[in-house]
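First the structure, in the form of structure tokens, and then the observations on it.
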Amino acid sequence: MTELTSAQRKYLRSQAHHLDPVVLVGKQGLTEHLVQSTDQALDARELIKVRFNDHKDQKKVLSEELRARTQSQVAGILGHVLILYRPHKDETKRKFVLPE
């Protein structure tokens, strides 16, 4: 997967604006269950928000680890909310057409 351009990240952030966070990082931090939940949410939606309720001081490190473990891309971090994107494996089921 190639790196997102700034225009693509901007587009994805605009598409994520109305979304509610579907994954919450709590006291447990980055658990295997949280990674699996994130993976399932990305399969279903492609674009998700992850809210940091705890570990806010480590969100950059945890965001990068979560990105790597789910093989997704960071579209942005706004406050304590991470926006992740991973295109659907089946091209006919993709919900977002990224600008070039």
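Bear in mind that the values in this text are calculations on the coordinates, not laboratory data. Everything quoted here is computed from the prediction, not taken from an experiment. Reconstructed Cβ throughout: ideal geometry from the backbone, glycine too, with neighbour counts over all protein chains shown.
Going by amide H atoms built from the backbone, whose H comes under 5 Å of the H on residue 75, apart from near neighbours?
Close amide H contacts, sequence-distant or interchain: 83, 84, 85.
So if I restrict to the alpha-carbon atoms in the chain, what is the Rg, and what is Dmax, the biggest pairwise distance, in Å?
My reading of the Cα-based Rg and Dmax gives 12.8, 39 Å.
List the relative contact order of the chain as a percent without decimals, with contacts defined as Cα pairs under 8 Å and 6+ residues apart.
Details: 138 pairs, mean separation 33.0, N = 100.
The value is 33 percent.
For a Förster distance of 30 Å, can you work out the FRET efficiency between the beta-carbons of residue 61 and residue 13, rounded to the nearest 0.05? Please list the in-between numbers first.
Details: r = 21 Å, r/R0 = 0.70.
E(calc), rounded to 0.05, equals 0.90.
Counting only pairs 8 or more places apart or on different chains, how many lysine pairs in the chain have C-alpha atoms closer than 21 Å?
13
In debye, nearest 20: dipole of the chain around its Cα centre with unit charges on the Cβ of K, R (+) and D, E (-)?
I would put it at about 260 debye.
Can you give me the distance in nm between label points at residue 31 and residue 69, each placed 7 Å from the Cα along the Cα-to-Cβ direction?
For the pair residue 31/residue 69, the computed spacing is 1.1 nm.
In degrees from 0 to 90, rounded to the nearest 10, what is the angle of the helix 59-70 Cα long axis to the longest principal axis of the chain?
Taking Cα atoms only, the helix is inclined about 60 degrees.
For the pair residue 44/residue 95, report the inter-label distance in nm, with labels modelled 7 Å from Cα in the Cβ direction.
1.0 nm
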